[in-house]
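To start, the structure under review is shown below, and the notes come after it.
What follows is calculated from the coordinates using simple rules that are stated; it is not laboratory data. Note that the structure is a prediction, hence the values are computed from the model and not measured. So basically every Cβ, Gly included, is an ideal-geometry build from the backbone, and we count neighbours across all protein chains shown.
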Amino acid sequence: MIFGFNTDVKHADTIYHVQSEARESEKLLQTQVFVRGRCIGKKAISYADSAAQEGFGDPQKEQQLRDLHRLVLEAIKDGKLDGILDRAETETLAAIKQLDIQWENAASVHADRNLTMRLRVIEDGAAVPGARLTFRFSRPDAAPFYTQAVTDSSGSAAISIEVDESALPDSSLMVQANHEGRTVTRKFALRKAE
């Protein structure tokens, strides 16, 4: 399994959110570009031919995905985004259902030395039960911590990690949801409570 990439980049007065992920069921590497939460375009490449080659695996997929992500970021910085986005494939890809992850308790996640996150996986506004969530918690003074959870019938799941609240501003949490071959990855910034 490879984790995707999420980057915010500013050009002129617009902040673009660039999200790249592997779509295993379609053998696609896809980068989506969002402005104010709305997808404005996509760039996708197939790795179906490469997947049949000996020695092709997750490290090669991850490098191709990293290169695709970088290509889109550079196009945004150069003001040439429209020139690289897919045209013919945009309608086809838009028809594919998209997973999303909602952070249900963003206002209060830390208590009793524990970081507790409640997340909900949705698809076209509906709850997704049985989605597998993989969490990667990173902080500067320790190795990354990984854990998994599966969403319940309401599409929700929770994790709890023991961590001192003072470490939160320097920490990050990456969450990947997988369901029926579709994936979505989100990076969440953490902060100390006011």
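Assign unit charges at the C-beta atoms only (+1 for Lys and Arg, -1 for Asp and Glu), then state the dipole size of the chain relative to its Cα centre in Debye, rounded to the nearest 20. Write down the numbers at each step before the final one.
Numbers: 25 positive and 29 negative charges, 54 e Å.
Dipole of the chain, to the nearest 20 debye: 260 debye.
With the crude spin-label approximation of a point 7 Å out along Cα→Cβ, what separation in nm comes out for V9 versus V150?
3.9
Counting only the backbone N, which residues of segment 158-186 are under 11 Å from the spot 7 Å out from the Cα of A127 toward its beta-carbon?
none
Treating the beta-carbon of each Lys and Arg as +1 and of each Asp and Glu as -1, no other charges, what is the dipole magnitude of segment 99-189 about its Cα centre, to the nearest 20 debye? Before the final figure, lay out each step's value.
Details: 9 positive and 12 negative charges, 42 e Å.
My answer is approximately 200 debye.
Relative to the longest principal axis of the C-alpha atoms of the chain, give the angle of the C-alpha long axis of helix 58-77, reported between 0 and 90° and rounded to the nearest 10°.
Tilt of helix 58-77: around 80 degrees.
Taking all pairs of different Cα atoms in the chain, averaging 1/r and flipping that mean, what Kirkwood radius in angstroms comes out? Provide the component values of the computation, followed by the final result.
On the way: mean 1/r = 0.0558 Å⁻¹.
Hydrodynamic radius (Kirkwood, Cα pairs) of the chain is 17.9 Å.
Would any residue of segment 1-42 have its amide N under 12 Å from a label point 7 Å out along Cα→Cβ of K77? List them or say none.
Residues passing the 12 Å test: 9-11.
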